[in-house]
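Okay, so here's the structure we're looking at.
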Amino acid sequence: MFRVLWPIALALCAAAPAMAGEVTSFDLKNGLKVVVIEDHRAPVVTQMVWYRAGSADEKPGVSGIAHFLEHLMFKGTDTVAPGDFSKLVEANGGSDNAFTSWDYTGYFQRIAADRLELVMKMEADRMRNLKLSEDDWKTELQVIIEERNQRTDSDPGAIFSEQRRAAQFLNHPYGTPVIGWRQEMEGLTRQDALDWYRTYYAPNDAVLIIAGDVMPDKVKALAETYYGPLAPSEGIGERKRPQEPAQLSERRMSFKDPRVAQPYVTRSYLAPERDAGDQKKAAALTILAAALGGSSQTSILAKALQFDQKVALYAYAGYDGTSYDDTTFDLAVAPAPGVSLADAEKAMDAVLADVMKNGIPAEQFARIKTQIRAENIYAEDSVASLARRYGEALTTGLTIADVQEWPAILDAVTQEDVLAAAAEVLDRRRAVTGWMMPEGATDNTTELMQ
Amino acid sequence: MIRVIFATAFAVVAALPAQAAVQIQELTSPGGIRAWLVEEHSLPFTALEIRFEGGTSLDAPGKRGATLLMTSLLEEGAGKMTSQDFATAREALAADLSFDAGDDAVTISAQMLTENRDQVVALLKSALTEPRFDQDAIDRVRAQIESIIRQDETDPSAIAGRTFDYLAFGDHPYGSSKYGTLESLAGLTRDDLVAAKAATMSRDRISVAAVGDIDAATLGKIIDDLLGSLPAKGAAMPPHAMLGLTGGVTVSDFDSPQSVVNFGQAGIRRDDPDFFAAYVLNHVLGGDGFSARLMDEVREKRGLTYGIGSYLVPVNLAETWQGSFSSANEKVAEAIAVTRKVWADVAANGVTEKELEAAKTYLTGSYPLRFDGNGRIADILVGMMAEGLPASYVNDRNSYVEAVTLDDVKRVAKRLMTPDALRFVVVGKPVGLETTN
């Protein structure tokens, strides 16, 4: 029940697809991939359009353009006036929004199932027919700068996280924040947005997911009608980003801010992601994260640092393998009062060394597997989350088969797999370690935190 | 002994087709505890929600934080199980159990697989009836809560919330943090936790709802087993809170590029005949989505914020009408001025026919979309029970929204909205703003 300083464990959420048979997929001639996930319990449908373009696909110098365009997609087309997209959805009892990440940009509406045609028509329309007036884009630029103020610059944890990520990825664009660096955001223009839009917003770069109380035949007919006529983009090249050079030296950072009340130490290791047809290593890392930090009471870090040694208030481990390029395996420890960050880090490293030598206790390993199997059942309760899972996978280089095989791959992970993955990834020479401290603290103690 | 009444859910507005039914069974367990049930056998699990009215507002004088600490400790050891044993057992059963305490209620949410439901119920029962409150667990969890309190002291959103609550409710429990203070927390003993449990978790204030792979007879037995041995009566409820809000600005100096703003005035009771008119009015003013007046004027037209919203907050012991946003220090004064102007305009002139119709279509159309998962449905049902609403409310609710007229909205806007009495709490380094009385 406790608010932690970092995102809650993603490890177990990464498991589990829908029961096979409920998911149907087909491609339109113009390259649009369509996935239908049926759930007939309630007369509700979710439409999601995912573009295989995120901030890591931006050119240097225009960071934030992927996210800026996401905002501008609500500014109207020839047939829908600025701001009316959401109003029309709401006037039909639905809700809508959008999101941008490093690997994708997505748009969704939740609405009564018999209103699906309306939102498919509107979403298809804005895939190719966006109109941007002078006033609209300038005002919206102020909105995203306020968004940056709110999300990042007002939050020392977010500032430090952005800085650590920049250090983690020296060469890969994952080191650039999705929202953009402030000085580059301030210089974004209407033309930058249109260039981005015209390159990437096209059926051959998109995945359409319809989830809920729908039949695949009906979806196919509607998709042909509204998305079928859209022209593909010619300008989409191979999706190849600059990769990381070998990391040869450990990276350490510290950050002090008067707004920090609870110090913590973080560690992130460069780690492989799930690849199409090759998810075994990512599965082992998923289990490793669950074993180290998946439970606030029984996970290895929690048990050792919070219960046995009493040197920590919280301990965290997380890994989300759903990523187009290499991702990170993350750890964090918030020391108990009177315990220095140096001692907390030392204790964390000792636990890691022990795990790498002795593995995960057998009963714990079995419990994690049981929970992952149960998670498959609980996950079926939210068709919108299932839609999100497929969208994320299909825009990060995975296939529907990869999503459906993932639970079995997780279930097949052995102790040896976990140890091998840990040995490969948990190497401080390939890591960034961060110390987050209150203003006035010295690097060796947290006693001045009051 | 089990009385079953079927209430089929939502036939919706003319614009939308009739919706599939959520069939609510109202039952009374053999031991006399009321519960609502929706059977849903397509997935082999059940979501169970239990709510005890009162919550952290029942903290005894000088014991602020006791209810929250107690609730957090329910999963930290029970019966013969230590904290570690309890967590290990829960994980081996792949059950989700969560325990929380808010201003108005202690809540327990459980998800359990059909295949091991009896074992999960036994585990949950031990947490509810024989928590250990071991000293080492108390110390460990107390340290976690202390860390939250310290973080809240330097978090602008938390400062804004706390400042607003204190201005609104003063020394009433609503006026302070449910976590308590470092001082009050330090003074809590195991006896205080035992007392807090007896005060807040009793049979006279329970609401129970279950949704999933379970039938009425089984649920009745489970409820009696889980809750039958709790004390019959808890502590007396605290008095209604007196609202101390006055119009003006309260600035709390905080070094940050952006100011966080909480604002509000008096609200309306949930059972007031004008509640639905006020609810529709608020949707036009500052409801979800991008089309509300405040969002349009402050964000869409001027780019002064990333988001602004307003909400009616009718809780058990007070009624307020609140809103919030963040804005750059140089722009926050303008954002507040625009907010005031919108508030005054709507107070004087109400809303347009078109806005009213759009709001009604959205509110009636989106209502059924809330019922889209076992846990979410159980949560809605237990909330309805706690409000004293009948199960038929799920059918009738949209007709209350539909019945709201333009004149109702105008009248209620005039009755309730007091632009001069809006209080803005601003945490940051706002340019051109100072505290007023």
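Given the conditions (1) buried (at least 22 other Cβ atoms within 10 Å of the Cβ); (2) within 14 Å of chain B (Cβ to nearest Cβ), report the number of the one that A:Val403 does not fulfil.
(2)
Do you know which residues across the range B:304-328 are surrounded by fewer than 19 Cβ atoms within 10 Å (Cβ to Cβ) and within 14 Å of chain A (Cβ to nearest Cβ)?
Those that are surrounded by fewer than 19 Cβ atoms within 10 Å (Cβ to Cβ) and within 14 Å of chain A (Cβ to nearest Cβ): B:Gly307, B:Gly309.
With modelled with pLDDT of 95 or more, over 30 Å from A:Pro43 (Cα atoms), open to solvent by 40 Å² or more (accessible area, probe 1.4 Å) and among the basic types (Lys, Arg) as the only criterion, which of B:Lys301, B:Lys341 stands out?
Exactly one residue qualifies, and that residue is B:Lys341.
State the number of residues belonging to the range B:311-347 that are more than 27 Å from the chain's Cα centre (by Cα) and within 30 Å of B:Ala236 (Cα to Cα).
0
Name the helices (runs of 4 or more DSSP H) wholly inside the range B:296-399 in which the number of residues that are among the small types (Gly, Ala, Ser) and closer than 30 Å to B:Phe52 by Cα is 2 or more.
Filter on the range B:296-399 gives B:374-387.
Output the residues belonging to the range A:306-338 that are within 11 Å of chain B (Cβ to nearest Cβ) and either assigned to a strand (DSSP E or B) or buried (at least 19 other Cβ atoms within 10 Å of the Cβ) (or both).
Within the range A:306-338, A:Gln306, A:Ala312, A:Leu313, A:Tyr314, A:Ala334, A:Pro335, A:Ala336 meet the criteria.
A:Asp325 fails exactly one of the following numbered conditions: (1) over 29 Å from A:Thr370 (Cα atoms); (2) out of contact with any Phe, Trp or Tyr (no Cβ under 9 Å at 6 or more places or on another chain); (3) not aliphatic (A, V, I, L, M). What is the number of that condition?
(2)
Would you please list the contacts, defined by Cβ atoms under 8 Å and residues six or more apart or on different chains, that run from a residue in the range B:403-418 that is small (Gly, Ala, Ser) to a residue that is open to solvent by less than 20 Å² (accessible area, probe 1.4 Å)?
What qualifies is B:Ala413/B:Leu281; B:Ala413/B:Val346; B:Ala413/B:Ala347; B:Ala413/B:Gly350; B:Ala413/B:Val351.
For the range B:406-413, state whether one or more residues are within 21 Å of B:Ile308 (Cβ to Cβ), more than 22 Å from the chain's Cα centre (by Cα) and open to solvent by less than 10 Å² (accessible area, probe 1.4 Å).
yes
Among the residues of the range A:144-192, what is the count of those that are surrounded by fewer than 19 Cβ atoms within 10 Å (Cβ to Cβ) and more than 25 Å from A:Ala261 (Cβ to Cβ)?
14
Out of A:Pro17, A:Pro60, A:Pro7, I need the residue that is assigned to a loop (DSSP other than H, G, I, E, B), open to solvent by 10 Å² or more (accessible area, probe 1.4 Å), at pLDDT 95 or above and away from chain B (no Cβ under 13 Å). Which one? Steps first, answer last, please.
Numbers: A:Pro17 fails: at pLDDT 95 or above; A:Pro7 fails: at pLDDT 95 or above.
After ruling out the rest, the residue left standing is A:Pro60.
Starting from residues that are of a type in the set (Ser, Thr, Tyr) and over 16 Å from B:Pro419 (Cβ atoms), keep the ones in the range B:239-279 and report whichever is modelled with the lowest pLDDT. Break it down into steps so the answer makes sense when it comes.
First pass over the range B:239-279, keeping only residues of a type in the set (Ser, Thr, Tyr): B:246, B:250, B:252, B:256, B:259, B:279.
So of that shortlist, the ones also over 16 Å from B:Pro419 (Cβ atoms) come out as B:250, B:252, B:256, B:259, B:279.
Details: B:Thr250: 98, B:Ser252: 97, B:Ser256: 92, B:Ser259: 97, B:Tyr279: 98.
So the residue we want is B:Ser256.
Six or more apart or on different chains, Cβ atoms under 6 Å: show the pairs whose first residue is in the range B:34-55 and over 16 Å from B:Asp204 (Cα atoms) and whose second is acidic (Asp, Glu) and in a strand (DSSP E or B).
Listed by first residue and then by second, the contacts come to B:Trp36/B:Glu26.
Select from the range B:276-303 the residues that are within 12 Å of another protein chain (Cβ to nearest Cβ), more than 21 Å from the chain's Cα centre (by Cα) and not acidic (Asp, Glu) and list them in ascending order.
Residues satisfying the conditions are B:Val284, B:Phe290, B:Ser291, B:Ala292, B:Met295, B:Val298, B:Arg299, B:Lys301, B:Arg302, B:Gly303.
Let me spell it out: the conditions are (1) at positive phi; (2) facing chain A (nearest Cβ under 9 Å), and B:Phe133 meets all of them except one. Which number is the exception?
Failed condition: (2).
Every residue in the range A:372-400 that is in a helix (DSSP H, G or I) and within 11 Å of chain B (Cβ to nearest Cβ), please.
Restricting attention to the range A:372-400, the residues satisfying the condition of being in a helix (DSSP H, G or I) are A:372-379, A:383-394, A:400.
Across the range A:372-400, the qualifying residues are A:Ile372, A:Arg373, A:Ala374, A:Glu375, A:Asn376, A:Ile377, A:Tyr378, A:Ala379, A:Val383, A:Ala384, A:Ser385.
Conditions tested, residue by residue: (1) basic (Lys, Arg); (2) at pLDDT below 95.
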{"residue": "B:Gly323", "(1), (2)": "no, no"}
{"residue": "B:Ala328", "(1), (2)": "no, no"}
{"residue": "B:Lys331", "(1), (2)": "yes, no"}
{"residue": "B:Arg370", "(1), (2)": "yes, yes"}
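For the range A:70-110, which positions are assigned to a helix (DSSP H, G or I) and of a type in the set (Asp, Glu)? Give the derivation first.
Keep residues of the range A:70-110 that are assigned to a helix (DSSP H, G or I), which gives A:70-72, A:84-91.
Scanning the range A:70-110 gives A:Glu70, A:Asp84, A:Glu90.
Quick check, is B:Ala241 open to solvent by less than 20 Å² (accessible area, probe 1.4 Å) and in contact with a Gly (Cβ under 9 Å, 6 or more places away or on another chain)?
Numbers: open to solvent by less than 20 Å² (accessible area, probe 1.4 Å): yes; in contact with a Gly (Cβ under 9 Å, 6 or more places away or on another chain): yes.
Criteria met by B:Ala241.
Taking into account only those residues within the range A:115-143 that are polar (S, T, N, Q) and under 22 Å from A:Gly187 (Cβ atoms), which is surrounded by the fewest Cβ atoms within 10 Å (Cβ to Cβ)?
Looking at the filtered set, the residue picked out is A:Ser133.
From the list A:Leu170, A:Leu230, exactly one residue is closer than 30 Å to A:Met436 by Cβ and modelled with pLDDT of 95 or more. Which is it?
Only one candidate qualifies: A:Leu170.
Given the criterion under 24 Å from B:Asp296 (Cβ atoms) and open to solvent by 20 Å² or more (accessible area, probe 1.4 Å), identify the matching residue among B:Lys354, B:Lys429.
B:Lys354
Has the range B:76-98 got any residue that is closer than 22 Å to B:Leu188 by Cβ, in a loop (DSSP other than H, G, I, E, B) and in contact (Cβ under 8 Å) with a residue 24 or more places away in the chain?
Yes, because at least one residue in the range B:76-98 is closer than 22 Å to B:Leu188 by Cβ, in a loop (DSSP other than H, G, I, E, B) and in contact (Cβ under 8 Å) with a residue 24 or more places away in the chain.
If you scan the range A:249-298, which residues turn out to be farther than 22 Å from A:Arg165 by Cα and without any contact (Cβ under 8 Å) to a residue 60 or more places away in the chain?
Across the range A:249-298, the qualifying residues are A:Asp278, A:Ser295, A:Gln297.
Could you grab me the full set of residues in the range A:97-125 that are in contact with a Gly (Cβ under 8 Å, 6 or more places away or on another chain), of a type in the set (D, E, K, R) and more than 13 Å from every other protein chain (Cβ to nearest Cβ)?
A:Asp103
Which count do you get for residues in the range B:105-130 that are out of contact with any Asp or Glu (no Cβ under 7 Å at 6 or more places or on another chain) and more than 13 Å from chain A (Cβ to nearest Cβ)?
So the answer is 8.
Determine whether B:Val394 is at pLDDT 95 or above and at negative phi.
Numbers: at pLDDT 95 or above: no; at negative phi: yes.
Judged against the criteria, B:Val394 is not a match.
Would you be able to tell me the number of residues in the range B:159-196 that are of a type outside the set (A, V, I, L, M), over 14 Å from B:Leu317 (Cβ atoms) and in contact with a strand residue (DSSP E or B) (Cβ under 8 Å, 6 or more places away or on another chain)?
3
Hey, any hits in the range A:353-362 for a residue that's part of a loop (DSSP other than H, G, I, E, B) and either touching a Lys or Arg at 6+ places or on another chain (Cβ under 7 Å) or within 14 Å of another protein chain (Cβ to nearest Cβ) (or both)?
The answer is yes, given that some residue of the range A:353-362 is part of a loop (DSSP other than H, G, I, E, B) and either touching a Lys or Arg at 6+ places or on another chain (Cβ under 7 Å) or within 14 Å of another protein chain (Cβ to nearest Cβ) (or both).
The values are calculated or read from the model by the stated rules, or taken from the named source; none is laboratory data. Keep in mind that this is a model prediction, so the values were computed, not measured. Neighbour counts run over all protein chains shown; Cβ positions are idealised from the backbone, glycine included. What goes into the accessible areas is simple: the full protein's heavy atoms, side chains included, and nothing from ligands, DNA or RNA. Shrake-Rupley method; radii C 1.70, N 1.55, O 1.52, S 1.80 Å.
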